[in-house]
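Before any comments, here is the structure.
No value in this document is a laboratory result; all are computed from the given coordinates. Everything numeric in this text was worked out from a predicted model, so none of it was measured. Here Cβ is always computed from backbone atoms with ideal geometry, including for glycine, and neighbour counts include all displayed protein chains.
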Amino acid sequence: MATIQPVVLFFILGVLAGVIKSDLKIPEALYKSLSIFLLIAIGFKGGVSMAKYDIMQVLPIAISMVVLSALVPLLAYPILKYVGKFSKADSGAIAAHYGSVSAVTFAVGLALLHELNQYYEGYMALIMALMEIPALVTGTILARAGAASASGEKTPWGKLLHEILTGTSLVLLIGGVFIGYYAGVTDNVAPLDKMYMDLFMGVLALFLLEMGLLASARLSAVREKGIFLIIFGVAFPVAAAVFGTYVGWWFELSAGGTMLLAVLYASCSYIAAPAAMRIAVPEADPALSIGASLGITFPFNIFLGVPLYWEMSKWIHNIT
Amino acid sequence: MATIQPVVLFFILGVLAGVIKSDLKIPEALYKSLSIFLLIAIGFKGGVSMAKYDIMQVLPIAISMVVLSALVPLLAYPILKYVGKFSKADSGAIAAHYGSVSAVTFAVGLALLHELNQYYEGYMALIMALMEIPALVTGTILARAGAASASGEKTPWGKLLHEILTGTSLVLLIGGVFIGYYAGVTDNVAPLDKMYMDLFMGVLALFLLEMGLLASARLSAVREKGIFLIIFGVAFPVAAAVFGTYVGWWFELSAGGTMLLAVLYASCSYIAAPAAMRIAVPEADPALSIGASLGITFPFNIFLGVPLYWEMSKWIHNIT
Amino acid sequence: MATIQPVVLFFILGVLAGVIKSDLKIPEALYKSLSIFLLIAIGFKGGVSMAKYDIMQVLPIAISMVVLSALVPLLAYPILKYVGKFSKADSGAIAAHYGSVSAVTFAVGLALLHELNQYYEGYMALIMALMEIPALVTGTILARAGAASASGEKTPWGKLLHEILTGTSLVLLIGGVFIGYYAGVTDNVAPLDKMYMDLFMGVLALFLLEMGLLASARLSAVREKGIFLIIFGVAFPVAAAVFGTYVGWWFELSAGGTMLLAVLYASCSYIAAPAAMRIAVPEADPALSIGASLGITFPFNIFLGVPLYWEMSKWIHNIT
Amino acid sequence: MKRIDIVVGADKIDELVDILLENKIRGYSIIRRISGLGARGHRTPEDVLNEEENVLVFLVCENDTAKALVESLQPKLKGFGGVCIVSDCLWVEGAAVSY
Amino acid sequence: MKRIDIVVGADKIDELVDILLENKIRGYSIIRRISGLGARGHRTPEDVLNEEENVLVFLVCENDTAKALVESLQPKLKGFGGVCIVSDCLWVEGAAVSY
Amino acid sequence: MKRIDIVVGADKIDELVDILLENKIRGYSIIRRISGLGARGHRTPEDVLNEEENVLVFLVCENDTAKALVESLQPKLKGFGGVCIVSDCLWVEGAAVSY
Ligand SMILES: Nc1ncnc2c1ncn2[C@@H]1O[C@H](COP(=O)(O)O)[C@@H](O)[C@H]1O
Ligand SMILES: Nc1ncnc2c1ncn2[C@@H]1O[C@H](COP(=O)(O)O)[C@@H](O)[C@H]1O
Ligand SMILES: Nc1ncnc2c1ncn2[C@@H]1O[C@H](COP(=O)(O)O)[C@@H](O)[C@H]1O
Ligand code: NA
Ligand code: NA
Ligand code: NA
């Protein structure tokens, strides 16, 4: 089993700083700057390696994997509603979070592959960008089905789709992919890589520090909601990763690519999804979904999930 | 003709994000940090390469080119006033913007030369720093000549000169040149270049992203003012570049240096000039000058102008 | 004698910009981001090189040097109180500042050693982290002894210790040391060094620029307090450095390590100490301590002190 | 003269300003990044994961304008949430009249 | 209705909010990063070396609630520093009642 | 007691504070980064290309001090622009007196 990467220790440092009530604070502008950097860098990196593929051949595979990810909320919703006894709105909103993806978890997956010197398909970045969309739509439909009449208000689909399709992460990821692709094709990567590739890990470290601070502030919200959310927050991503591993293997991705797909299916959103759900399902309680997503699943994924999904991918590909 | 550099695609990404009303926002502190970085980096880089020259020999040439740049507003003013039918104040203010320079356009010029592996005179950074001054003074005089009596208020020359001579860009550029020069002469560049040289392009990319967002917000202002401003915003920089190319060739600059001088003459300010004109000609409408400068001339220059001026410089130097 | 490093010229640039009342401003978020970076980087770097030591052997030496640093305020206090005629509270607070350390002065020391290609003990970063603690405690005791009854309020020791032990700099330095140590031991430094080592000097430059701006704004406060504070601000750090040099030599540190210890003893805090003293000795005037610390001792140390302490260390180690 | 203080969600500010301009308000001030508690619970712009920002609009105008404005605003307030209050004040003459 | 404006040091805000909630205040707004002069001298959050931040709490409530709140606050104000004032205002009905 | 609210351009704040101090004002609060509309049109500090920042000075003082202050201010207000209003309020005793 792979050792813990130094970069994820920054998450622990953040959690500890939060727990001892340190006055350490990441300025808001830095947090936003780091996340802009990471999204561009992930897109750019992916785009550069996509330059080696025939786009027309890749696109159908990519889209299939994105579409299949829309099933994840369908799996989560009944568990949340009938086992967890959450309201319709909360179940739909949490399902949308778990169907959506976390760029930082993906980044930790990338970091592991780089450390292990493993190949992966460059277009995974594009898949991640697109994968934000279907889960948010499915989740909203689930939360809303038959509920609109009750609350008397209609789902603002226009506003919601605008929010989803023009959100910061989609724009930067897709933009980064295009520019990276162009740079790769015209053989002009060189001057930009010093920033968007070489500094990736260092920036990720700072971002994880802030995630730790944020997570420690959210843990109390989760603790109140009891044991179900904790179990769900650990077990569900593993189930989703199994599904993702299977899909990746079925589409003949490399071992690295399969693992990244599993990470995408397993990871859950705490940035794009909350913003979308605020518009689509305002009666859902964001403390629940963000608490589970950031307080439980995110740390589980970066410490145990990512190495586990790598083992799963090796196993299905018969690698040792 | 040179291909479009990947870095300028970030400008398009910003414009697109603005057009689709994405919620993408560059934090104000990041914008300011990036511009501090770029100014220091341009100065530092220039200073380092100046270490190879005999300053006393270079200075008279540099100053001549700066002084000649004071003619640019004299050329712009009558066109704006008599063809464009702008008020005295607006004509003077816009002329000052077009006589002044844009560090980011200069940076795009530098980027092209680096990509093409072309030599240029290091002291161009110093020239750029100084070139901010004369145009702002000429523009103010033009706007003010005979007007002071009308508005009843006197031009606050003291305040204006203080603003021009102590402005952020002048201080950082000149400071960067000095420190770079010292580092070059004492052979101590090494540890600072990892940041101020290697990351230059990556930082420029982020800055261009923000410029795109800003430009897309300004386009409407320009559209209202009609066709004249658009034609002026494209044709005038080309004319100024022709003048700059000729001056550069006359002073026997290299092909790279000549192109950079043309870029300086052609580029127009949207940071230092607005600040100075707010003090000097408060009755001028900043939407006009910033709209034309950032909404039209800046994108024209980085996409078409810079490659065109490079062709012009090659032509006058008989290079193929 | 070593030449002045280019990086410290950024401090002068900042002071000059302040003096000419330039509108140059470092955004607050950038200042905080840079200081987070520097603390992590110093800790990380130290931790990586500590991986080569046997911790159990190093710890007693390190702790001894930290404990001995608690004597520095004991030396400063009587001078301030009986020669400087400061109040008990001010004397204690200023003594605490001078007993505590400045990470940036330390960074300038590191920069010189790197430039001179000199070895130093990696655990100096850990020592610096710990050295913040004793002086703040000693200083508070001195300020408070017998004074509590007068002001009628008790020293909030609980709150003070919490502030000292959970302060940003301690958390980031210690965290950085641990993560660096882990990265060193597991041989995983590679991807993080591009940011936390390679960019160290460039970030320090920006930070020094801001320090210059801050110092120039503080000079007036010092000027009012007259000649004593200026003499103290220069003479005391030299005395402390002599003590530090002696301690370093006694514990058989390398020449580089001895110099860094001297720098630590000589440097004085303007971040952690003010925050702690605000809680512990609120009746002390922060303008005095910050003015002396940042306005006099800091510039003295980075320009003259650091090279001087290096000479002292070479002399005591019989190196030429 | 009347002073009117309105706190609404940041997403409502454009609509609110339009109403102000329709009512011939010639001067107002906006303070951003306001947190608080209201009928929709706590809202804190500092929380980077859940940015909910309020803004305060503060304006001074003549009694009649205030009356007209309040009448136009009232039907909209349900959608805006927040709070809108009116109080009396005295305008110190001197600056250019912007009310 | 009453409007109450309180300026206190940022470190006191949690304690103050607790008192508000104990007094059944159901709506308030907080403006941060306020500088100023008071009994403790100048306080400027922009000064990175000496961050002393004030916050303004602005709330609108019914006269009786205001009275009760002021009575609970008064003994605490000595520790809080700053300023607390009460004035009259008119609540424009429309938004969900949060007072 | 009186509360005085003044909105001026950020470049005028030093001059304004000097006038306050000359009039023996011992307490005031400053809120920065205020945007708005006035006689000089829209001013928005968020606009990085055209930073025009207003600040709000809020102060509570005794009636006589207020009167004297307003008299000193009035001739200056033309240059300051913005707005200056006076209203009545009640100072809740408790904190150290800073008016
Ligand atoms: N009674 C009140 N006093 C002061 N501010 C209020 C009050 N009620 C609501 N607010 C502010 O208005 C915002 C939105 O209120 P609401 O729409 O009721 O949730 C709150 O977050 C507060 O900032
Ligand atoms: N009379 C006043 N008017 C307005 N604000 C005040 C007044 N007195 C104090 N303040 C504010 O309250 C803060 C703390 O006051 P103090 O605790 O008296 O130092 C000051 O920095 C001001 O922002
Ligand atoms: N009637 C008003 N009510 C509230 N704020 C105002 C008013 N008039 C002006 N202001 C504020 O004062 C600033 C400067 O005003 P002016 O100097 O008239 O352009 C404006 O940008 C507003 O923020
Ligand atoms: Na997922
Ligand atoms: Na020009
Ligand atoms: Na010391």
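What the table shows:
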item	result
Residue among F:30, F:42, F:84 farthest towards the positive dipole end of region F:2-88, charges placed on Cβ	F:84
Region E:2-88: C-alpha gyration tensor shape, a/c 1.5 cut-off, then a/b vs b/c	prolate
Hits among lysines - C-alpha to C-alpha of residue A:88 under 19 Å, sequence gap 8 or more where chains match	A:154, A:225
DSSP-defined antiparallel bridges as percent of all bridges, the protein assembly as shown, nearest 5	95
Proximal aspartates and glutamates to residue C:52, defined as alpha-carbon separation beneath 14 angstrom and excluding residues fewer than eight positions away on the same chain	C:121, C:187
Cross-link pairs beyond the 19 Å C-alpha cut-off, checked among D:24/D:67; E:12/E:67; D:76/E:67; E:2/E:67; A:25/C:21; E:2/F:2	E:12/E:67; D:76/E:67; A:25/C:21
Cβ charges +1 (Lys, Arg) and -1 (Asp, Glu), total dipole of chain A, debye	680
For residue A:83, label point 7 Å along C-beta direction: distances to other copies, nm	7.4, 7.4
Pairwise centroid distance, computed over Cα atoms, of region A:248-266 with region C:245-320, Å	54
Debye log10 I(q)/I(0) at q = 0.06 Å⁻¹ for chain A, Cα point scatterers	-0.19
Within 10 Å of each Cβ in B:174-187, the average number of Cβ atoms from other chains	3
The protein assembly as shown: C-alpha gyration tensor shape, a/c 1.5 cut-off, then a/b vs b/c	rounded
Among A:29, A:217, A:255: highest mean-square fluctuation, GNM of chain A, C-alpha pairs under 10 Å	A:29
Magnitude of the charge dipole, region F:2-88, Cβ model with Lys/Arg +1 and Asp/Glu -1, debye to 20	220
Shielding by partners - mean other protein chain Cβ count within 10 Å, residues of D:17-30	3
In order through region B:99-105: 3J(HN,Hα) via Karplus (6.51 cos²θ - 1.76 cosθ + 1.60), integer Hz, x for Gly, Pro	x, 7, 10, 10, 5, 6, 4
Label distances, nm, residue C:57 versus same residue in remaining copies, Cβ-directed 7 Å point	5.8, 5.8
Other-copy label distances relative to residue C:319, 7 angstrom Cα-Cβ extension, nm	4.7, 4.7
Shielding by partners, peptide D:64-75 (average Cβ within 10 angstrom, other chains)	1
Max mean-square fluctuation residue, GNM over chain C, Cα-Cα springs under 10 Å, options C:23, C:285, C:187	C:23
With Cα atoms, 0 to 90° folded angle of helix A:55-69 axis to chain A main axis	30
Helix B:306-316 vs. chain B, principal-axis angle (Cα, 0 to 90°, nearest 10)	70
Three-way shape label, region C:1-90, alpha-carbon gyration tensor, a/c 1.5	oblate
Ratio of Rg to Rh over region A:163-306 (Cα coordinates, Kirkwood Rh, two decimals)	1.01
Residue of chain B nearest the B-to-C rotation axis [by Cβ], rounded angstrom distance	B:29, 2
Under 16 Å from the Cα of residue A:81 - aspartates and glutamates, other chains or at least 8 residues apart	A:90, A:283, A:285
Estimated 222 nm signal from helices in chain E, with DSSP H stretches of n ≥ 4 weighted -39500 (n - 2.57), rounded to 500	-9000 deg cm²/dmol
Helix A:124-144 vs. chain A, principal-axis angle (Cα, 0 to 90°, nearest 10)	10
Options A:188, A:178, A:142, ranked by Cα towards positive dipole end of region A:131-210, top entry (Cβ charges)	A:142
Helix-only [θ]222 nm of chain C, DSSP H runs n ≥ 4, -39500 (n - 2.57) each, per residue, nearest 500	-23500 deg cm²/dmol
Residue of A:175, A:212, A:291 that the Gaussian network model of chain A assigns the largest fluctuation, springs spanning Cα pairs under 10 Å	A:175
